[in-house]
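The values are calculated or read from the model by the stated rules, or taken from the named source; none is laboratory data. Remember, predicted model here, so these are calculated numbers, not experimental data. Quick reminder, even Gly has a Cβ in these numbers, built from the backbone with ideal geometry, and neighbours come from all protein chains shown.
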Amino acid sequence: MNDAVTVPVTSPHMLAEIDGPIGWMTFNKPERRNAVSLDMWEAMPEILHRFESDPAVRVIVLRGAGDKAFVSGADISQFEKARSSEEANAYYDRMSELAGKALAECGKPTIAMIRGFCIGGGLAIAIGCDIRIATDESKFGIPASRLGLGYGAPGVKKLMSLVGPSYTKEIFFTARHFSAAEAQVMGLINRVVPIADLEAYMRHYCATIADNAPMTMNALKRTVAEVSRGHEADWELCDRLVKQCFASQDYIEGRRAFMEKRRPVFRGN
(Lines give C-alpha, C1' and ligand atoms only; values in the text may rest on other atoms or scores of the structure.)
Protein backbone atom coordinates (compact mmCIF):
# COMPACT_ATOMS: atom_id res chain seq x y z
CA MET A 1 0.00 0.00 0.00
CA ASN A 2 2.62 2.53 -1.10
CA ASP A 3 0.03 5.23 -1.83
CA ALA A 4 -1.95 4.67 1.35
CA VAL A 5 -2.78 7.68 3.53
CA THR A 6 -2.42 7.13 7.26
CA VAL A 7 -5.33 8.37 9.36
CA PRO A 8 -4.46 9.55 12.92
CA VAL A 9 -5.96 7.32 15.61
CA THR A 10 -6.10 7.87 19.37
CA SER A 11 -5.11 4.27 20.18
CA PRO A 12 -1.59 3.02 19.43
CA HIS A 13 -3.11 -0.43 19.04
CA MET A 14 -5.29 0.52 16.07
CA LEU A 15 -4.19 1.54 12.59
CA ALA A 16 -6.26 3.29 9.92
CA GLU A 17 -5.24 3.80 6.30
CA ILE A 18 -7.00 4.89 3.13
CA ASP A 19 -5.70 3.28 -0.03
CA GLY A 20 -7.75 4.25 -3.07
CA PRO A 21 -11.35 3.16 -2.42
CA ILE A 22 -10.42 0.97 0.56
CA GLY A 23 -10.39 2.03 4.20
CA TRP A 24 -8.19 -0.40 6.14
CA MET A 25 -8.79 -0.75 9.89
CA THR A 26 -6.14 -2.89 11.57
CA PHE A 27 -6.19 -4.35 15.08
CA ASN A 28 -2.55 -3.81 15.92
CA LYS A 29 -1.51 -5.89 18.91
CA PRO A 30 0.18 -8.90 17.28
CA GLU A 31 2.13 -9.81 20.42
CA ARG A 32 -1.23 -10.63 22.07
CA ARG A 33 -2.87 -11.98 18.91
CA ASN A 34 -4.69 -8.67 18.52
CA ALA A 35 -6.74 -9.15 21.68
CA VAL A 36 -9.00 -6.11 22.06
CA SER A 37 -8.40 -3.68 24.91
CA LEU A 38 -10.49 -0.72 26.04
CA ASP A 39 -8.58 1.82 23.95
CA MET A 40 -9.20 -0.31 20.85
CA TRP A 41 -12.96 -0.42 21.47
CA GLU A 42 -12.88 3.36 21.92
CA ALA A 43 -11.03 3.88 18.63
CA MET A 44 -13.31 1.76 16.44
CA PRO A 45 -16.19 4.31 16.13
CA GLU A 46 -13.63 7.06 15.51
CA ILE A 47 -12.08 5.17 12.60
CA LEU A 48 -15.39 4.06 11.12
CA HIS A 49 -16.73 7.63 11.24
CA ARG A 50 -13.62 8.89 9.45
CA PHE A 51 -14.00 6.31 6.70
CA GLU A 52 -17.73 6.81 6.38
CA SER A 53 -17.37 10.59 6.01
CA ASP A 54 -14.80 10.27 3.20
CA PRO A 55 -16.54 9.88 -0.20
CA ALA A 56 -13.36 8.34 -1.64
CA VAL A 57 -13.75 5.33 0.65
CA ARG A 58 -16.18 2.86 -0.90
CA VAL A 59 -15.46 -0.26 1.18
CA ILE A 60 -14.02 -0.82 4.66
CA VAL A 61 -11.80 -3.79 5.53
CA LEU A 62 -11.11 -4.93 9.10
CA ARG A 63 -8.03 -7.07 9.66
CA GLY A 64 -5.51 -8.12 12.30
CA ALA A 65 -1.80 -7.30 12.33
CA GLY A 66 0.66 -10.15 11.87
CA ASP A 67 -0.12 -13.66 10.72
CA LYS A 68 -1.46 -15.27 13.90
CA ALA A 69 -4.89 -13.76 14.38
CA PHE A 70 -7.70 -11.53 13.19
CA VAL A 71 -8.73 -10.87 16.78
CA SER A 72 -8.32 -13.52 19.46
CA GLY A 73 -10.91 -12.05 21.82
CA ALA A 74 -10.82 -9.52 24.64
CA ASP A 75 -7.50 -8.66 26.27
CA ILE A 76 -8.16 -10.28 29.64
CA SER A 77 -4.81 -9.02 30.99
CA GLN A 78 -6.38 -5.55 31.12
CA PHE A 79 -9.44 -6.58 33.10
CA GLU A 80 -7.81 -6.02 36.48
CA LYS A 81 -7.53 -2.34 35.61
CA ALA A 82 -10.21 -1.72 33.00
CA ARG A 83 -12.96 -3.73 34.73
CA SER A 84 -11.94 -3.49 38.38
CA SER A 85 -15.06 -1.67 39.62
CA GLU A 86 -18.75 -1.52 38.79
CA GLU A 87 -18.26 1.89 37.17
CA ALA A 88 -15.22 0.78 35.18
CA ASN A 89 -16.99 -2.37 34.05
CA ALA A 90 -20.04 -0.38 32.94
CA TYR A 91 -17.81 1.98 30.94
CA TYR A 92 -15.99 -0.92 29.29
CA ASP A 93 -19.28 -2.56 28.31
CA ARG A 94 -20.58 0.76 27.01
CA MET A 95 -17.51 1.29 24.80
CA SER A 96 -17.67 -2.22 23.34
CA GLU A 97 -21.38 -1.72 22.66
CA LEU A 98 -20.72 1.60 20.92
CA ALA A 99 -18.04 -0.04 18.79
CA GLY A 100 -20.44 -2.79 17.75
CA LYS A 101 -23.17 -0.24 17.07
CA ALA A 102 -20.86 1.88 14.91
CA LEU A 103 -19.93 -1.20 12.88
CA ALA A 104 -23.54 -2.34 12.52
CA GLU A 105 -24.76 1.11 11.46
CA CYS A 106 -21.91 1.91 9.08
CA GLY A 107 -23.44 2.84 5.75
CA LYS A 108 -20.59 1.45 3.65
CA PRO A 109 -19.80 -2.21 2.93
CA THR A 110 -17.61 -3.75 5.63
CA ILE A 111 -15.49 -6.87 5.19
CA ALA A 112 -13.66 -8.91 7.83
CA MET A 113 -10.36 -10.14 6.36
CA ILE A 114 -9.63 -13.11 8.61
CA ARG A 115 -6.27 -14.77 9.04
CA GLY A 116 -5.54 -17.06 11.98
CA PHE A 117 -7.61 -16.97 15.16
CA CYS A 118 -11.02 -15.31 15.17
CA ILE A 119 -12.23 -16.07 18.67
CA GLY A 120 -14.79 -14.71 21.15
CA GLY A 121 -14.98 -10.94 20.82
CA GLY A 122 -13.06 -11.25 17.56
CA LEU A 123 -15.81 -13.41 16.11
CA ALA A 124 -18.37 -10.89 17.38
CA ILE A 125 -16.54 -8.16 15.44
CA ALA A 126 -16.35 -10.36 12.33
CA ILE A 127 -20.05 -11.18 12.31
CA GLY A 128 -20.76 -7.47 12.72
CA CYS A 129 -19.29 -7.00 9.23
CA ASP A 130 -21.29 -7.46 6.06
CA ILE A 131 -18.94 -10.08 4.59
CA ARG A 132 -16.29 -12.42 6.04
CA ILE A 133 -13.39 -13.72 3.93
CA ALA A 134 -10.95 -16.08 5.62
CA THR A 135 -7.81 -18.03 4.87
CA ASP A 136 -7.95 -21.81 4.83
CA GLU A 137 -6.00 -22.03 8.12
CA SER A 138 -8.27 -19.70 10.12
CA LYS A 139 -9.89 -20.86 13.36
CA PHE A 140 -13.21 -19.77 14.84
CA GLY A 141 -14.84 -20.20 18.23
CA ILE A 142 -16.56 -18.74 21.28
CA PRO A 143 -15.08 -20.01 24.58
CA ALA A 144 -17.82 -18.61 26.85
CA SER A 145 -18.78 -21.99 28.33
CA ARG A 146 -15.15 -22.69 29.28
CA LEU A 147 -14.99 -19.37 31.13
CA GLY A 148 -18.36 -19.58 32.85
CA LEU A 149 -19.59 -16.50 30.99
CA GLY A 150 -23.12 -15.67 29.95
CA TYR A 151 -23.57 -14.34 26.42
CA GLY A 152 -25.97 -11.49 25.72
CA ALA A 153 -29.06 -11.96 23.59
CA PRO A 154 -28.04 -9.40 20.93
CA GLY A 155 -24.82 -11.31 20.23
CA VAL A 156 -26.64 -14.63 20.16
CA LYS A 157 -29.20 -13.19 17.75
CA LYS A 158 -26.49 -11.97 15.37
CA LEU A 159 -24.83 -15.37 15.33
CA MET A 160 -28.16 -17.17 14.86
CA SER A 161 -29.00 -14.92 11.91
CA LEU A 162 -25.94 -16.36 10.14
CA VAL A 163 -25.80 -20.00 11.18
CA GLY A 164 -29.21 -20.83 12.67
CA PRO A 165 -30.13 -22.18 16.13
CA SER A 166 -28.48 -25.61 15.91
CA TYR A 167 -25.03 -24.41 14.86
CA THR A 168 -25.28 -21.58 17.39
CA LYS A 169 -25.77 -24.13 20.13
CA GLU A 170 -22.93 -26.30 18.82
CA ILE A 171 -20.53 -23.33 18.81
CA PHE A 172 -21.41 -22.46 22.41
CA PHE A 173 -21.87 -25.97 23.80
CA THR A 174 -18.55 -27.31 22.54
CA ALA A 175 -16.50 -24.08 22.90
CA ARG A 176 -14.05 -25.66 20.46
CA HIS A 177 -12.18 -24.17 17.52
CA PHE A 178 -13.85 -24.71 14.17
CA SER A 179 -11.88 -24.82 10.92
CA ALA A 180 -12.49 -22.45 8.02
CA ALA A 181 -14.10 -25.29 6.07
CA GLU A 182 -16.52 -25.98 8.93
CA ALA A 183 -17.25 -22.28 9.32
CA GLN A 184 -18.09 -21.97 5.64
CA VAL A 185 -20.47 -24.93 5.77
CA MET A 186 -22.24 -23.28 8.72
CA GLY A 187 -22.59 -20.01 6.83
CA LEU A 188 -20.35 -18.23 9.31
CA ILE A 189 -17.99 -17.01 6.56
CA ASN A 190 -18.54 -16.20 2.90
CA ARG A 191 -15.30 -17.28 1.23
CA VAL A 192 -12.17 -19.33 2.00
CA VAL A 193 -8.96 -18.56 0.12
CA PRO A 194 -5.36 -19.82 0.38
CA ILE A 195 -3.29 -17.72 2.73
CA ALA A 196 -0.83 -16.75 -0.03
CA ASP A 197 -3.68 -15.31 -2.11
CA LEU A 198 -5.51 -13.40 0.62
CA GLU A 199 -4.39 -9.81 0.03
CA ALA A 200 -4.60 -10.00 -3.77
CA TYR A 201 -8.03 -11.60 -3.50
CA MET A 202 -9.20 -8.89 -1.08
CA ARG A 203 -8.00 -6.07 -3.30
CA HIS A 204 -9.77 -7.52 -6.34
CA TYR A 205 -12.91 -8.18 -4.29
CA CYS A 206 -12.92 -4.62 -2.90
CA ALA A 207 -12.34 -3.17 -6.37
CA THR A 208 -15.42 -5.03 -7.61
CA ILE A 209 -17.52 -3.53 -4.83
CA ALA A 210 -16.00 -0.05 -5.19
CA ASP A 211 -17.06 0.09 -8.86
CA ASN A 212 -20.73 -0.17 -7.92
CA ALA A 213 -23.25 2.49 -6.90
CA PRO A 214 -22.79 3.63 -3.27
CA MET A 215 -26.44 4.63 -2.83
CA THR A 216 -27.61 1.21 -3.94
CA MET A 217 -25.29 -0.51 -1.46
CA ASN A 218 -26.30 1.79 1.38
CA ALA A 219 -29.98 1.26 0.60
CA LEU A 220 -29.45 -2.50 0.53
CA LYS A 221 -27.64 -2.50 3.88
CA ARG A 222 -30.42 -0.50 5.53
CA THR A 223 -33.13 -2.62 3.94
CA VAL A 224 -31.51 -5.85 5.13
CA ALA A 225 -31.33 -4.38 8.65
CA GLU A 226 -35.02 -3.48 8.53
CA VAL A 227 -36.14 -6.82 7.09
CA SER A 228 -34.18 -8.55 9.86
CA ARG A 229 -36.43 -6.81 12.40
CA GLY A 230 -39.40 -8.87 11.21
CA HIS A 231 -42.78 -7.33 12.03
CA GLU A 232 -41.05 -4.23 13.43
CA ALA A 233 -39.47 -3.39 10.07
CA ASP A 234 -39.98 0.13 8.72
CA TRP A 235 -41.33 -0.76 5.29
CA GLU A 236 -41.93 2.89 4.42
CA LEU A 237 -38.22 3.55 4.94
CA CYS A 238 -37.37 0.66 2.63
CA ASP A 239 -39.66 2.12 -0.02
CA ARG A 240 -38.08 5.58 0.35
CA LEU A 241 -34.60 4.11 -0.09
CA VAL A 242 -35.62 2.52 -3.38
CA LYS A 243 -37.15 5.79 -4.60
CA GLN A 244 -34.01 7.72 -3.65
CA CYS A 245 -31.96 5.39 -5.83
CA PHE A 246 -34.33 5.88 -8.77
CA ALA A 247 -34.11 9.68 -8.31
CA SER A 248 -30.30 9.73 -8.14
CA GLN A 249 -27.72 10.94 -10.64
CA ASP A 250 -26.06 7.55 -10.27
CA TYR A 251 -29.16 5.87 -11.73
CA ILE A 252 -28.92 8.18 -14.74
CA GLU A 253 -25.21 7.39 -15.07
CA GLY A 254 -25.88 3.64 -14.75
CA ARG A 255 -28.49 3.70 -17.51
CA ARG A 256 -26.33 5.77 -19.83
CA ALA A 257 -23.24 3.64 -19.25
CA PHE A 258 -25.24 0.50 -20.02
CA MET A 259 -26.57 1.95 -23.27
CA GLU A 260 -23.14 3.29 -24.26
CA LYS A 261 -21.44 -0.01 -23.36
CA ARG A 262 -18.93 1.61 -21.00
CA ARG A 263 -17.96 1.37 -17.35
CA PRO A 264 -20.18 3.60 -15.16
CA VAL A 265 -18.60 6.22 -12.93
CA PHE A 266 -20.74 6.53 -9.82
CA ARG A 267 -20.53 9.58 -7.54
CA GLY A 268 -22.81 8.52 -4.71
CA ASN A 269 -25.54 11.07 -5.39
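Residues in the stretch 40-54 include at least one that is surrounded by fewer than 21 Cβ atoms within 10 Å (Cβ to Cβ), touching a Ser or Thr at 6+ places or on another chain (Cβ under 9 Å) and not in a strand (DSSP E or B).
Quick grid of which residues meet (1) in contact (Cβ under 8 Å) with a residue 12 or more places away in the chain; (2) within 28 Å of Glu105 (Cβ to Cβ); (3) touching a Phe, Trp or Tyr at 6+ places or on another chain (Cβ under 8 Å):
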position: Gly141; (1), (2), (3): yes, yes, yes
position: Ala153; (1), (2), (3): no, yes, no
position: Thr168; (1), (2), (3): yes, yes, no
position: Phe172; (1), (2), (3): yes, yes, yes
position: Ala175; (1), (2), (3): yes, no, no
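Here the stretch 147-175 is the region considered, the condition is being loosely packed, with under 15 Cβ neighbours inside 10 Å and either touching a strand residue (DSSP E or B) at 6+ places or on another chain (Cβ under 6 Å) or of a type in the set (S, T, N, Q) (or both), and the residue that is nearest to Ile119 (Cα to Cα) is Thr174. The single residue among Ala213, Ala180 that is aliphatic (A, V, I, L, M) and under 24 Å from Glu253 (Cα atoms) turns out to be Ala213. Could you tell me whether Asp75 is closer than 19 Å to Glu137 by Cα, out of contact with any Cys (no Cβ under 6 Å at 6 or more places or on another chain), modelled with pLDDT under 95 and not small (Gly, Ala, Ser)? Spelling it out, it is not the case that Asp75 is closer than 19 Å to Glu137 by Cα, out of contact with any Cys (no Cβ under 6 Å at 6 or more places or on another chain), modelled with pLDDT under 95 and not small (Gly, Ala, Ser). Could we say that Ala90 is small (Gly, Ala, Ser), assigned to a helix (DSSP H, G or I) and loosely packed, with under 14 Cβ neighbours inside 10 Å here? For Ala90, the condition - small (Gly, Ala, Ser), assigned to a helix (DSSP H, G or I) and loosely packed, with under 14 Cβ neighbours inside 10 Å - is met. Residues in the stretch 223-258 that are small (Gly, Ala, Ser) and either within 27 Å of Pro154 (Cβ to Cβ) or free of Cβ contacts under 8 Å to residues at least 12 places away in the same chain (or both) were compared, and the one that is surrounded by the fewest Cβ atoms within 10 Å (Cβ to Cβ) is Gly230.
With respect to Thr216, is the statement that it is touching a Cys at 6+ places or on another chain (Cβ under 8 Å), in a helix (DSSP H, G or I) and over 15 Å from Ile114 (Cβ atoms) true?
yes
Hey, does the stretch 232-245 have a residue that's of a type outside the set (S, T, N, Q), closer than 30 Å to Gly120 by Cα and out of contact with any helix residue (DSSP H, G or I) (no Cβ under 9 Å at 6 or more places or on another chain)? For the stretch 232-245, residues of a type outside the set (S, T, N, Q), closer than 30 Å to Gly120 by Cα and out of contact with any helix residue (DSSP H, G or I) (no Cβ under 9 Å at 6 or more places or on another chain): absent.
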